[in-house]
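Notes follow the structure.
The values are calculated or read from the model by the stated rules, or taken from the named source; none is laboratory data. These figures come from a predicted structure and were not determined experimentally. Note: ideal-geometry Cβ built from the backbone for every residue, glycine included; neighbour counts use all protein chains shown.
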Amino acid sequence: MKHIEIELTLTEQKIAEFIAKARYNNARKKDIPNNKKGPQSNYSTDLEGFASELAAAKLLNLYPDLQIDKVPNHDLIFKGVTIDVKATKYNSGRLIAGLNKNLKECDYYMLMVGTFPEYRCGGVASKKELLNKETITNLGWGNLHALEQHELKQIEEFKELIKNETH
């Protein structure tokens with residue numbers, strides 16, 4: 001299985017740090033809870049979250065969502081389908097989503113693996129593949145949906161699938 005490595009440039013790193021800090025401050029000001037799954041700080045969650053979104057956008061040749069105030073249900077739109085980007089620092093980490101996610105929120109979930117500023121795509125799953133009762137597990141932070149990387153579509157397979165869906 002071939003992994004495509006994405007390294008954010010220094011300029012992209014500064015953008016990621018700025019957006020993460022602004023989103024962090026905005027969310028705390030509005031008392032929006034952070035739905036992190038793990039012991040990391042809220043800021044670290046926000047930085048890794050946006051930096052992984054930026055890396056995913058770069059991988060798909062998309063312009064990232066730079067909004068600070070509004071938090072949409074998806075992070076990217078690729079050829080008409082919505083994608084929620086998830087991040088993990090663990091090389092064998094899983095694609096996870098909270099039980100509060102529902103089938104209306106986005107079309108696909110993408111796992112980005114790494115730590116700021118270097119990532120790789122661990123794979124992609126459709127909402128139906130991830131958000132179903134067979135994927136519910138507990139990784140130590142309560143019940144959630146989870147898929148192993150070997151259960152995910154590789155990025156090229158995903159691109160081909162979307163190409164076929166849109167033509």
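Every condition in (1) of a type in the set (Ser, Thr, Tyr); (2) surrounded by 15 or more Cβ atoms within 10 Å (Cβ to Cβ); (3) over 13 Å from the mean Cα position of the chain (by Cα) is met by SER92 except one, and the failing one is (2).
Would you confirm, using the coordinates I've provided, whether LEU131 is among the hydrophobic types (A, V, I, L, M, F, W, C), in contact (Cβ under 8 Å) with a residue 12 or more places away in the chain and farther than 30 Å from LYS29 by Cα? Before the answer, list the steps.
Values: among the hydrophobic types (A, V, I, L, M, F, W, C): yes; in contact (Cβ under 8 Å) with a residue 12 or more places away in the chain: yes; farther than 30 Å from LYS29 by Cα: yes.
The answer is yes for LEU131.
Table: residues versus (1) modelled with pLDDT of 95 or more; (2) within 30 Å of ASN132 (Cα to Cα); (3) in contact with a Gly (Cβ under 7 Å, 6 or more places away or on another chain); (4) not aliphatic (A, V, I, L, M).
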residue	(1), (2), (3), (4)
THR11	yes, no, no, yes
LYS29	no, no, no, yes
LYS37	no, yes, no, yes
ASP65	no, yes, no, yes
ASP69	no, no, no, yes
ASN73	no, yes, no, yes
ARG94	yes, yes, no, yes
GLU105	no, yes, no, yes
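Just to be sure, is ALA125 at pLDDT 95 or above, farther than 23 Å from ASN143 by Cβ, under 12 Å from the mean Cα position of the chain (by Cα) and among the small types (Gly, Ala, Ser)? Considered against the rule, which asks whether it is at pLDDT 95 or above, farther than 23 Å from ASN143 by Cβ, under 12 Å from the mean Cα position of the chain (by Cα) and among the small types (Gly, Ala, Ser), ALA125 comes out as no.
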